[in-house]
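Rule-based calculations on the coordinates, nothing more; no lab input. Keep in mind that what you see is a predicted model, and the values were worked out from it rather than measured. Cβ placement follows ideal geometry from the backbone for every residue including glycine, while neighbour counts extend to all protein chains displayed.
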Amino acid sequence: MGNSLGNIIFTKTITLIFGFCGGTGAGKSTLVEYAAQFLGEHNTLVLGQDHYYKHLPNLTYEQRCEINFDHPDALDFELMTSDLQKLKQGVSIKRPVYSFAEHLRMNETVTIHPKEFILVEGILVFEHEPLHSLFDCKVFIEAGEKIRVRRRVERDVRQRGRTKEEVHERFKTTLHTMHHLYIAPNKEIADIVIQNNGVIEDAAGALRKWLKNTIQ
């Protein structure tokens with residue numbers, strides 16, 4: 001391997017980039033973990049949308065709390081697309097680290113090296129054409145709204161320091177509308193739709209079967 005502008009260039013060619021999209025609480029992250037295990041974690045890297053929210057230090061904390069993080073404008077799609085292009089070309093990246101407690105990008109970064117399989121995951125990764133045009137395969141994860149609300153509450157209370165009341169209010173005021181405007185319509189461009197309304201192992205089994213047929 002060589003070195004260019006401080007970035008490591010790997011000679012191994014990236015074979016497949018999978019995009020995973022779906023509504024909040026649909027189970028994307030969990031199914032991406034299953035996919036990585038199936039493909040081989042030593043061969044696979046995950047690039048999550050959550051690391052690529054815009055850095056807005058000029059705003060106060062109170063102003064940042066009012067940002068609609070489920071709208072495409074909240075995301076730094078240009079940086080995410082650029083990073084994915086580099087990985088596809090075999091170049092390592094410095095991936096940002098985002099704090100949902102402060103709604104800011106942290107000073108540190110994480111060095112990510114390209115691997116044989118790249119799994120790109122997020123609610124809006126099918127919304128930005130320059131990004132999703134880099135995907136070789138697109139997977140849409142679908143789940144009913146009641147199930148998604150329950151999962152979102154569990155995640156945000158546990159991981160993002162929010163109360164149940166805050167999450168339910170956010171779902172009523174923004175998440176429901178954003179889902180129908182920017183997420184659900186993109187199911188049409190998916191290569192496969194995985195239903196995740198019940199036992200996660202059933203959805204994982206369907207995903208593994210499809211992956212096996214795809215990479216053969």
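Quick notes
- Overall dimensions of the stretch 2-215 as given by Cα atoms, namely Rg and Dmax in Å: 17.2, 52
- Antiparallel %, DSSP beta bridges [both residues in the chain], to 5: 35 percent
- Straight Cα distances below 22 angstrom link K138 to the lysines K28, K86, K88, K115, K187, K209, K212, with same-chain residues fewer than 8 positions distant left out.
- Amide H within-cut-off set for Y98, under 5 Å, with H built and near neighbours excluded: M106
- Taken one residue at a time, the phi angles of the stretch 144-149 give Karplus couplings (6.51, -1.76, 1.60, θ = phi - 60°) of x, 5, 4, 5, 5, 4 Hz. Gly and Pro are set to x.
- Computed magnitude of the charge dipole of the stretch 54-208 (debye, nearest 20; Cβ of K, R +1, Cβ of D, E -1): 380 debye
- Along its three principal directions, the equivalent ellipsoid of the stretch 82-199 from the Cα gyration tensor extends over semi-axes of 27, 21, 13 Å, largest first.
- Entry note, the chain: relative contact order of 32 percent, from Cα contacts under 8 Å with a spacing of 6+ residues.
- Extension gain (nm, one decimal) between V97 and E33, 0.36 nm per residue minus Cα-Cα: 21.1 nm
- Which of L181, H132, A206, positive extreme of dipole for the stretch 124-216 (C-beta unit charges): A206
- Its DSSP H runs of at least 4 residues, each contributing -39,500 (n - 2.57), put the calculated 222 nm mean residue ellipticity of the chain at -9500 deg cm²/dmol, to the nearest 500.
- Each peptide among 37-45, 57-65 gets the average number of other Cβ atoms lying within 10 Å of its residues, and from highest to lowest they stand as 37-45, 57-65.
- FRET efficiency, D136 to H113 (Cβ-Cβ, R0 30 Å, nearest 0.05): 0.95
- Residue ranges 114-122, 93-101 sort as 114-122, 93-101 when ordered by packing (mean number of other C-beta atoms within 10 Å per residue, highest first).
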